[in-house]
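Peer 1: The structure that follows is given in the form of structure tokens.
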Amino acid sequence: MALDDAAKVKELYDRTLRDYAYMFSELLRQKTLLVAEGAGLTEDINRLKAAQENALKLTAHRQQELEALGKDAKFMERDRQTIEKLLATVQAQLAKARELVATLIPENARQAQQYIESQIAELESGPVAAPASGPLTGVQP
């Protein structure tokens, strides 16, 4: 009976043939490529981390430079204000000096004219007395 049942049942396996040697070599090649790509990506990640660290250091350095430049700008602004105040003072003094010169030149000319006139009047009035001689005047007889 078992033989009859076995004869009735016929199992068919329809399976394609595979070249396992080729498949294994192809899979090994793909694995090698993936491992190399993974190593390359790991190296790229390490480079990116180093670049990011350098960028953070550079950012901190640039921030310090900006702070220093801000302080310098404040000092320069203070110096500029001081210079502007000094300039205003010098300009005021110059204006006052010009005003004094403008008023004193005519006065000086007037006084010079008076002196000339007094000297001329003195010369016209008569002989001038000789200076006194003696040790105090420095004139020898």
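Peer 1: Net charge around Ser25, counting only other residues with Cβ within less than 14 Å of its Cβ (Lys, Arg = +1; Asp, Glu = -1)? All intermediate terms of the calculation are to be shown ahead of the outcome.
Peer 2: Values: positive: Arg18, Arg29, Lys31; negative: Asp19, Glu26.
Local charge sum for Ser25: +1.
Peer 1: Restricting things to alpha carbons, find the Rg to Rh ratio for segment 18-121 using the Kirkwood radius for Rh. Intermediate results must be reported in sequence, preceding the final value.
Peer 2: Values: Rg = 43.1 Å, Rh = 23.0 Å.
Here Rg/Rh amounts to 1.87.
Peer 1: For Arg98 and Gln119, what does the FRET efficiency come to when R0 = 22 Å and r is the distance between their Cβ atoms, rounded to the nearest 0.05? Walk me through the numbers on the way to the answer.
Peer 2: Details: r = 31 Å, r/R0 = 1.42.
The computed FRET efficiency comes out at 0.10.
Peer 1: Right, here's the next one. Report the convex hull volume per residue for segment 29-83, counting only C-alpha atoms, in Å³. Each step should come with its number before you reach the end.
Peer 2: On the way: hull volume 2.5 nm³, N = 55.
That works out to 45 Å³ per residue.
Peer 1: Could you name the aspartates and glutamates in cross-link range of Lys85, using Cα to Cα under 15 Å and dropping any fewer than eight places away on the same chain?
Peer 2: Result set, ordered by chain and number: Glu77.
Peer 1: Met23 versus Asn46, label points 7 Å from Cα toward the beta carbon: distance in nm?
Peer 2: Modelled inter-label distance: 3.7 nm.
Laboratory data are not the source of any read-out in this text; all were calculated from the coordinates shown. Not measured: the values here are computed from a predicted model. Note that each Cβ is placed from the backbone with ideal geometry, even for glycine, and that neighbours are counted across all protein chains shown.
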